[in-house]
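A.B. asks: Just passing along the structure, written as structure tokens.
The values are calculated or read from the model by the stated rules, or taken from the named source; none is laboratory data. On a predicted model such as this, the values are computed, not experimentally measured, just so you know. Using ideal geometry, Cβ is built from the backbone for each residue, glycine included, and neighbour counts are taken over all protein chains shown.
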Amino acid sequence: MLVGVCDFPGSYAFPPAGYGGIERWLWTVAVGARAAGADVHLLGPGWRRDLGPEWTRKPIRLEDAAPRSTEARELRSAGYDLLVVGHEYPTLPAWRRTREKLDCDVATFQHAPDFQHAADAFDGTHTRLYCYSPEMIERYAAHRPIAELAVHLGLNEAGPPSAPGRDLVWLGRIDEQKAPHLAVRAAQLLRRRIRLVGPVFDADYVKRHEKLFTADHVEWVGEVGGHVKTAAFREAAVFVYTYARTYVEAGAAVFGESLRAGTPVAALTWRKGTCAEAALCDRTGTTTVLSPEEDDETAARALAAAITRTDDLDHAEVQAIGQHRFDAQRHFETLSSQPC
């Protein structure tokens, strides 16, 4: 099987060093495809040049290939069986124009909760859309979505065996949508330290919660990647997951990252059918569902109780489950198989 994994214009490299969702997912698919024995072409100029000679880079983007150009002929002659691309592209007319001449399957994962696809973007067989949670499946029901957990990897993130860990960790972008202040308050209620790992996207949000974010029990780590990012999960006793009441998490990377490192998850959600429910089981974490009408203090106390319940989970078992559930090869094999 020949697989083309397509980049797109953006501010992050493929794969990115730290933060970056769709970019990391596309890299995971490429890694999983090679592990499954497929030939892989990294399509587009955004792929890093330091990936090693085992990777074939083709700096061509489908949307930039004119119909009778050398690039279009090269793409047609390659004989791709499958193209994997960011969720916007099966709706992009220029990308579709080239792809329709290639006679290959297309797979993508819905990484945004509000993107509007063309009515005929997916047929559920040759052009396939994958969604993480029951919530996302419902939102994109018109496009015949297929349920699948997104798997995200970065460079050098293969971790060592799990460890019991200490303290708490929260990882993601620091902004209103991700609501880390709730995790910080829950840690404060438990009199435990918490590490915040990730880039600040909203300085005004941090300022509004300055008293919490500058408390003695909070350690700011910043954005990290590779072994350092893996260690941030592994060295924690519990990973704490939060998000804002109105935010819809489309394809959360953090669940797989935490479970593969062997760290159980305490999650706060505001409705049923979210990514947390899809990713976790009673052996890998605790999910607390609250009404969005509850205030922040009530939410923090409920999250603190979830953290306490999660403390007793076995990290070695968590890692074994996580490495199976969020395995790159298994993920690729799912994406590359037409549904029965």
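A.B. asks: Do we have residue 50 as under 17 Å from residue 332 (Cα atoms) and either surrounded by fewer than 22 Cβ atoms within 10 Å (Cβ to Cβ) or among the basic types (Lys, Arg) (or both) here?
C.D. replies: Taking the combined requirement at face value, the residue does not satisfy it.
A.B. asks: Further, regarding this structure: Residues in region 1-30 that are β-branched (Val, Ile, Thr) and within 16 Å of residue 61 (Cα to Cα): how many?
C.D. replies: So the answer is 2.
A.B. asks: Based on this model, can you work out whether residue 10 counts as modelled with pLDDT of 95 or more, closer than 30 Å to residue 170 by Cα, assigned by TED's automatic domain parsing to the domain that holds residue 93 and of a type in the set (Gly, Ala, Ser)?
C.D. replies: Here the answer is no, as residue 10 does not meet what is asked.
A.B. asks: Another one. From 215, 203, 250, 267, grab the single residue that is in contact (Cβ under 8 Å) with a residue 60 or more places away in the chain and of a type in the set (A, V, I, L, M, F, W, C).
C.D. replies: 250
A.B. asks: Which of the numbered conditions does residue 223 fail, given that it passes all the others? Conditions: (1) of a type in the set (D, E, K, R); (2) more than 15 Å from residue 175 (Cβ to Cβ); (3) in contact (Cβ under 8 Å) with a residue 40 or more places away in the chain.
C.D. replies: (2)
A.B. asks: Let me ask something else. Return the total of residues in region 105-127 being without any contact (Cβ under 8 Å) to a residue 40 or more places away in the chain, more than 20 Å from residue 23 (Cβ to Cβ) and surrounded by 15 or more Cβ atoms within 10 Å (Cβ to Cβ).
C.D. replies: The total comes to 4.
A.B. asks: State yes or no: is residue 265 touching a strand residue (DSSP E or B) at 6+ places or on another chain (Cβ under 8 Å), under 18 Å from residue 319 (Cα atoms) and among the β-branched types (Val, Ile, Thr)?
C.D. replies: yes
A.B. asks: Kindly indicate the residue of region 232-260 that is of a type in the set (Gly, Ala, Ser) and farther than 10 Å from residue 169 by Cβ and also surrounded by the fewest Cβ atoms within 10 Å (Cβ to Cβ) among those meeting that condition.
C.D. replies: Filtering region 232-260 for residues of a type in the set (Gly, Ala, Ser) gives 232, 236-237, 244, 250-253, 256, 258.
Then drop every residue that is not farther than 10 Å from residue 169 by Cβ, which leaves 244, 250-253, 256.
Values: 244: 15, 250: 23, 251: 24, 252: 24, 253: 24, 256: 23.
Ranking the qualifying residues of region 232-260, first place goes to 244.
A.B. asks: Residues of region 176-200 being under 18 Å from the mean Cα position of the chain (by Cα), part of a loop (DSSP other than H, G, I, E, B) and at pLDDT 95 or above, which ones?
C.D. replies: Once the filter is applied, which keeps residues that are under 18 Å from the mean Cα position of the chain (by Cα), part of a loop (DSSP other than H, G, I, E, B) and at pLDDT 95 or above, region 176-200 yields 177, 178, 179.
A.B. asks: Answer yes if at least one residue in region 135-144 is of a type outside the set (D, E, K, R), in contact with a Leu (Cβ under 7 Å, 6 or more places away or on another chain) and in contact (Cβ under 8 Å) with a residue 24 or more places away in the chain, and no otherwise.
C.D. replies: Yes, region 135-144 contains a residue that is of a type outside the set (D, E, K, R), in contact with a Leu (Cβ under 7 Å, 6 or more places away or on another chain) and in contact (Cβ under 8 Å) with a residue 24 or more places away in the chain.
A.B. asks: From the list 304, 278, which one is closer than 25 Å to residue 192 by Cα and of a type in the set (Gly, Ala, Ser)? Can you show your working first?
C.D. replies: Details: 278 fails: closer than 25 Å to residue 192 by Cα.
Of 304, 278, the one residue that is closer than 25 Å to residue 192 by Cα and of a type in the set (Gly, Ala, Ser) is 304.
A.B. asks: Any chance region 270-282 includes a residue that's β-branched (Val, Ile, Thr) and in contact with a helix residue (DSSP H, G or I) (Cβ under 7 Å, 6 or more places away or on another chain)?
C.D. replies: yes
A.B. asks: Out of region 158-175, which residues are crowded, with 22+ Cβ neighbours inside 10 Å and either under 20 Å from the mean Cα position of the chain (by Cα) or within 18 Å of residue 28 (Cβ to Cβ) (or both)?
C.D. replies: Passing the criteria: 169, 170, 171, 172, 174.
A.B. asks: Take the residues of region 290-303 that are in contact with a helix residue (DSSP H, G or I) (Cβ under 8 Å, 6 or more places away or on another chain) and not small (Gly, Ala, Ser): which is surrounded by the fewest Cβ atoms within 10 Å (Cβ to Cβ)?
C.D. replies: For region 290-303, the residue satisfying everything is 297.
A.B. asks: So which residues in region 1-32 are farther than 27 Å from residue 224 by Cβ and either among the aliphatic types (A, V, I, L, M) or part of a helix (DSSP H, G or I) (or both), if there are any at all?
C.D. replies: 1, 2, 3
A.B. asks: Please give the number of the condition residue 56 fails out of (1) modelled with pLDDT of 95 or more; (2) buried (at least 20 other Cβ atoms within 10 Å of the Cβ).
C.D. replies: It fails just one condition, (2).
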